[in-house]
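To start, the structure itself, in structure tokens.
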Amino acid sequence: MELVMPGIGVLFWTCLIFLILFFILKKWAFPIINGMIKKREEKISTALNQAEATRAEMQRIEAENKAMMAQARTEREKILEEAAQIRRRMEEESREKAKAEYERMLASAKSDIDRERRMAVEEIKIQVASVSMDMAEKILGAELSDRARQQALIENELKNVKL
Amino acid sequence: MRGLFLKLFLVFVCIGGAFCPLAAQAETQEASAAHESFNAGELILDHVTDKHSWHICDWKGRKIELHLPVILVYNGKIHAFSSARFENPQHTYGIFQLRKENPHKGKIVALETDETGTTRIADKKPLDFSITKTVFGLMVSCIIILILFFFIVRSYKKNEERAPKGVAALFEPIFLFVRNDVVYASLGKKQGDKFLPYMATLFFFILLGNLLGIVPFFPFGANVTGNISVTFVLAFLTYLITMGHSTKKFWAHTFNNPSIPMLMKFPLPLMPLIEAMELITKPFVLMIRLFANMTAGHIIILGFVSLVLIFGAIGTALGFVVSPLTVVFGLFADALELLVSFIQAYIFTTLSCSYLADALGHPAEAESNHH
């Protein structure tokens with residue numbers, strides 16, 4: 001029976017000891033422990049939130065970068081295309097210019113040659129006439145003493161000669 | 001793996017420790033009382049009940065024990081003396097006697113002489129405020145709790161918001177379990193924070209009391225939480241807190257539950273009576289459950305240990321044969337007690353919380369509905 005009968009002494013001391021323990025822990029230990037745990041929990045949750053936000057930001061930046069890269073690539077292609085066009089046009093122009101120059105030079109050369117030739121022919125004509133006159137003078141001599149008349153005759157004749 | 005071996009080793013040491021004083025005592029008992037048969041029941045009851053001195057061990061046929069102070073209030077006067085004063089053939093000191101036989105076995109009584117000159121036990125009993133084995137065990141367990149908390153708090157202060165280390169790392173999961181799964185689960189965060197210090201103190205007080213009760217050597221092994229006075233105080237404090245914070249709704253529900261048909265309340269108030277009885281049975285059950293579980297645990301362990309002594313008393317060889325069985329059973333009982341220590345601490349705290357939640361009108365449910 002003694003086992004199940006509460007005794008006043010143990011009741012009193014248990015009450016006292018437990019309450020002392022309770023007040024010590026309540027005033028001293030639990031505020032510190034619980035405070036630290038709560039602080040840590042808060043810190044962890046804010047750190048997690050921050051990490052989440054950072055990850056979202058990173059994703060956004062990455063997407064932006066990708067878009068920018070794509071834009072830059074198209075831009076580059078456009079520029080290259082344009083450059084190629086310009087090069088082709090310039091080549092065409094220079095070729096045409098060169099051709100025109102060549103043709104111009106050719107034409108001027110031709111006209112020069114023509115003129116030279118005509119001059120040469122005139123010269124030859126004069127020479128031939130002179131030579132012929134000399135020869136004819138020598139051959140005919142006296143026969144053709146009237147030189148002036150003879151000259152007119154030859155000139156007339158020369159006009160009919162076509163070289 | 002190494003941790004496991006260490007634990008097993010510790011358990012073996014504990015069990016080994018359990019045998020030493022018992023075996024020594026059995027031997028001296030046999031030596032002193034010639035061929036008196038070994039009484040297991042007496043030994044077990046002797047160990048689970050409260051005493052005025054703490055028997056540590058026997059050394060060379062002499063008892064080594066701690067004589068605890070006796071404090072008596074008798075006729076309005078305080079008498080304080082060491083229980084060593086009772087170490088005489090009559091176990092008397094002044095007018096007080098420590099009874100070694102029935103009636104009042106183990107209690108301190110006052111003696112009086114009547115006209116014929118014969119001494120007899122006075123009808124008036126002295127009030128015994130002695131520091132008994134249980135009270136001393138309580139003090140030891142509270143000092144250990146305070147020492148543990150000293151290191152835990154120091155560790156928290158040093159570590160600040162970083163992960164806990166050392167004792168705090170061991171302590172924190174248990175504390176978080178009590179906080180989140182016991183207190184917050186039934187009381188909600190707001191009310192839970194208010195009652196957390198009490199509930200956590202209750203939990204660690206019971207847990208340490210239970211655990212130290214299994215450790216078989218001095219200054220542990222007192223059947224603290226298996227003492228009905230201790231569990232009475234704990235249950236009563238919970239009851240006081242519960243009643244102190246009870247709401248109008250709680251009382252309306254107790255005496256006039258709207259979900260119960262009128263027929264059950266009128267003309268005979270059957271359900272209100274049952275509900276009112278529940279007010280008393282709840283703390284009563286709380287008290288009995290912890291007491292019975294811890295005492296039963298101690299009885300089982302001591303019973304298994306006594307096996308070897310019972311068989312040893314019949315024949316030494318038989319004692320040797322039974323000893324491995326005792327070790328195995330004792331180990332099993334100790335492991336079971338380890339589990340029960342946690343479970344009972346958990347159950348006591350959980351039920352305290354749930355009774356309190358009843359009285360407060362279930363703040364946790366209100367909180368979860370609100371969100």
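Observations on the model:
- Qualifying position, being touching a Leu at 6+ places or on another chain (Cβ under 8 Å), facing chain A (nearest Cβ under 10 Å), over 18 Å from A:C15 (Cβ atoms) and not charged (D, E, K, R), among B:F171, B:F218: B:F171
- Residues satisfying the criterion are present in the range B:146-163 (criterion: farther than 20 Å from A:R40 by Cα, within 11 Å of chain A (Cβ to nearest Cβ), out of contact with any strand residue (DSSP E or B) (no Cβ under 6 Å at 6 or more places or on another chain) and aliphatic (A, V, I, L, M)).
- Residue within the range B:268-290 that is part of a helix (DSSP H, G or I), in the same structural domain as B:L146 (by TED's automatic domain parsing) and of a type in the set (S, T, N, Q) present: yes
- Scope the range B:40-76; condition surrounded by 14 or more Cβ atoms within 10 Å (Cβ to Cβ), assigned to a loop (DSSP other than H, G, I, E, B) and not basic (K, R); matching residues: B:T49, B:D50, B:H52, B:L68
- Residues of the range A:1-17 classified as more than 7 Å from chain B (Cβ to nearest Cβ) and surrounded by 12 or more Cβ atoms within 10 Å (Cβ to Cβ), total: 1
- Residues of the range B:172-192 satisfying the condition of being modelled with pLDDT of 90 or more and of a type in the set (K, R): B:R179
- B:A252 being of a type in the set (G, A, S), in the same structural domain as B:E337 (by TED's automatic domain parsing), under 34 Å from the mean Cα position of the chain (by Cα) and in a helix (DSSP H, G or I): no
- Residue satisfying condition, being closer than 30 Å to B:H245 by Cα and of a type outside the set (K, R), within set B:L286, B:L339: B:L286
- The number of residues in the range B:207-246 being over 19 Å from B:T132 (Cβ atoms) and under 11 Å from the mean Cα position of the chain (by Cα) comes to 3.
- Residue selected from the range A:104-143 under the condition of a type in the set (D, E) and over 60 Å from the mean Cα position of the chain (by Cα), by the criterion farthest from A:V161 (Cα to Cα): A:E143
- Answer from A:I24, A:I20 - the residue that is surrounded by 15 or more Cβ atoms within 10 Å (Cβ to Cβ), modelled with pLDDT of 90 or more, of a type in the set (V, I, T) and out of contact with any Lys or Arg (no Cβ under 8 Å at 6 or more places or on another chain): A:I24
- B:F150 vs. criteria modelled with pLDDT of 90 or more and surrounded by fewer than 22 Cβ atoms within 10 Å (Cβ to Cβ): yes
- Residue in the range B:298-317 that is part of a helix (DSSP H, G or I), over 17 Å from B:G41 (Cβ atoms) and in contact with a Gly (Cβ under 9 Å, 6 or more places away or on another chain) present: no
- Near pairs, Cβ below 6 angstrom, 6+ apart or cross-chain, from the range A:26-41 (facing chain B (nearest Cβ under 8 Å)) to any residue that is not aromatic (F, W, Y): A:K26/B:P197; A:A29/B:V153; A:F30/B:P197; A:I32/B:V153; A:K39/B:E161; A:R40/B:E161
- Verdict on A:T46 being within 14 Å of another protein chain (Cβ to nearest Cβ), part of a helix (DSSP H, G or I), exposed (fewer than 12 other Cβ atoms within 10 Å of the Cβ) and not aromatic (F, W, Y): yes
- Any chance A:A56 is farther than 30 Å from B:T201 by Cα, within 12 Å of chain B (Cβ to nearest Cβ), part of a helix (DSSP H, G or I) and within 57 Å of the chain's Cα centre (by Cα): no
The values are calculated or read from the model by the stated rules, or taken from the named source; none is laboratory data. Just so you know, these numbers come straight off a predicted model, no measurement behind them. Cβ atoms come from the backbone with ideal geometry, glycine included; neighbour counts cover every protein chain shown.
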